[in-house]
Amino acid sequence: MGQKLKSPSELISAVTKLRFSQPVSLSPEEQIKLYDRLVRREEISAPRDRHGRTIRGAQKDYESPGVDEMLALKFGEPLNPWPDNRRAAVCLTHDVDRGPGQLNCLVRDSWYGLKRVAAKMRGENQIVASVAGYFSLRKSHIDPYDNLQRWMELENSLGVRSAFYFMSLRMYHQLQEGNRYVISNPAIRRAIREMHDNKWEVGLHARYYGPFSKRELTDQTHRLSDVLGAEIAGVRNHYLRVSFPETWFLEADCSFHYSSNMGWADLLGGFRSGTCWPYQPVAGSKLWEIPFQIMDSPDLSKGAEDLLERFRNYLALVKRHRGVLVLDFHSNYFFDEVAPRVNRVYRTIVEYLRNDPELWITTPLSVVRHLQALA
């Protein structure tokens, strides 16, 4: 690929110049400390889970943005980069993991039916109840995962726009990827175009298999771009199957404007690279990494209050450091019957954000364009 990371002095100089309008003086030791956190040096030899993802360090503190706090302690508050002197930016994002379609419904009905039988045999009443919720929707002729129009209607009513990351699969990919959807699906294509026409952002949700193949990523991007009729600027990998810095090199090679993969695939979330500011880790590349802090779960019946408290805490930290808060809610978690309380939590969060005049609620690409103009 021919890509390489910026040197410690180059990256830290760019990071501090963006915040303070000029590079600031840091010792070589301080530069290395910040640099290692930003490029995730500790993950090179860290253990990985069955999906090939870095396992969150049990003894590591991701609850606060350590890089931002160190810079603030040394140099004070950063300048405010956001329009109208807002204290922070917020990006709402959605991974589109499931899609509509008669064949998809038939496969899911069969799978949920088998799951219900197995759960009954094992006496797993909670699973039986959740499957019953799915079938209650199906009896009402509702496809629980045909939600893209519903999301647009909801966000229209709330007065916000978000980013949706779509898979770009061919039919044969589903032999590997499972019960997802193909980019030729007419309902998917209509939704993508409607989103684009009405100021939502559309990005790529890179598929689970082949996450480190340039050919795979390029093919997926071209297919999605053909449907959108415009450039695909942003990417987030399915299941967050990433490896730093290799993922950045691949994304830079494929000419993405930004990646939003720097986060944890669990309810704890946090500041994986120690910052809530976007940054550009690859030398000679336009690629920005926009870290995200919060991801949902398919069931928030017991964890809703904890997630809302974490959201408020993270938002306060992001505002303190003039950064960007990014939230990731899956598009297939719309109905309570299949994803208890997720939609209600999302509404609560957006209404909270809308009532805060210090926030710029926008899309990741708008953040990138704004920062590029300042750089």
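The values are calculated or read from the model by the stated rules, or taken from the named source; none is laboratory data. Computed from a prediction, not measured in an experiment: that's the story for all the values here. We place every Cβ from the backbone using ideal geometry, glycine too, and count neighbours over all the protein chains shown.
Taken over region 241-253, the residue count meeting the criterion of being surrounded by fewer than 21 Cβ atoms within 10 Å (Cβ to Cβ) and touching a residue at least 60 places away in the same chain (Cβ under 8 Å) is 4.
Taking the stated definitions as given, is R310 at positive phi and either surrounded by 23 or more Cβ atoms within 10 Å (Cβ to Cβ) or over 16 Å from the mean Cα position of the chain (by Cα) (or both)? Criteria not met by R310.
For region 182-208, the set of residues classified as of a type outside the set (S, T, Y) and under 19 Å from the mean Cα position of the chain (by Cα) consists of I192, M195, H196, K199, W200, E201, V202, G203, L204, H205, A206, R207, listed by residue number.
Screening D266 against (1) surrounded by fewer than 22 Cβ atoms within 10 Å (Cβ to Cβ); (2) in a helix (DSSP H, G or I) leaves a single unmet condition, (2).
Could you check region 337-375 and list, in sequence order, the residues that are of a type in the set (D, E, K, R) and at pLDDT 95 or above?
Here is the first cut: in region 337-375, the ones of a type in the set (D, E, K, R) are 337, 341, 344, 347, 351, 354, 356, 358, 369.
Passing the criteria: R341, R344, R347, E351, R354, D356, E358, R369.
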